[in-house]
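The values are calculated or read from the model by the stated rules, or taken from the named source; none is laboratory data. These numbers come from a predicted model, not from an experiment. FYI the Cβ positions are ideal-geometry reconstructions off the backbone, even for glycines, and counts take in every protein chain you see.
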Amino acid sequence: MPRCPNPECGKEVEEGAVYCPHCGTKLAKAAKRNILITVCVILLVIFSLIHLSNMLDYATIYGDFSGSIGQLFFGAFALVAAYFLWKSEEIGGILGIVYAIFSMIAPLSVTIHPEAIPFEYCVYDIIFDVCSSIVLIIFLGIGWKSLK
Ligand SMILES: [Zn+2]
């Protein structure tokens, strides 16, 4: 059982209680960032860096500026999700899952516009995107309970 953080009280309090029933001190829920959430934060930061480097490739190599802006958007989205996850906030989990779903769907646009980038050039990217999205969703799903 957790104890009241008020040094003059320090009595045991019910798990999950918001206020101490003895002295009324507000019990700050300790931020428990579990290992899965930490891994998700690291993955999201790595994905963000990949998107930002892709952004430069799209702009300079492929001359595809809408693709470039798309990559910037994904990179920024992943960073925002990582930031809130790092703070163990539930919105970080929601953003992380939305990001994972989008990054599974987005590569399919390549198959709709094969003239932009030949499909065979990005098969491994697509496999990577789908696998990394599945890992993110599983980790966030299991680690969810540590989010406030
Ligand atoms: Zn107390």
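Would you check if residue 73 is touching a Leu at 6+ places or on another chain (Cβ under 7 Å), aromatic (Phe, Trp, Tyr) and in the same structural domain as residue 136 (by TED's automatic domain parsing)?
Working: touching a Leu at 6+ places or on another chain (Cβ under 7 Å): no; aromatic (Phe, Trp, Tyr): yes; in the same structural domain as residue 136 (by TED's automatic domain parsing): yes.
For residue 73, the condition - touching a Leu at 6+ places or on another chain (Cβ under 7 Å), aromatic (Phe, Trp, Tyr) and in the same structural domain as residue 136 (by TED's automatic domain parsing) - is not met.
Restricted to segment 111-133, and to residues that are out of contact with any helix residue (DSSP H, G or I) (no Cβ under 8 Å at 6 or more places or on another chain) and modelled with pLDDT of 80 or more, which residue is surrounded by the fewest Cβ atoms within 10 Å (Cβ to Cβ)?
That would be 124.
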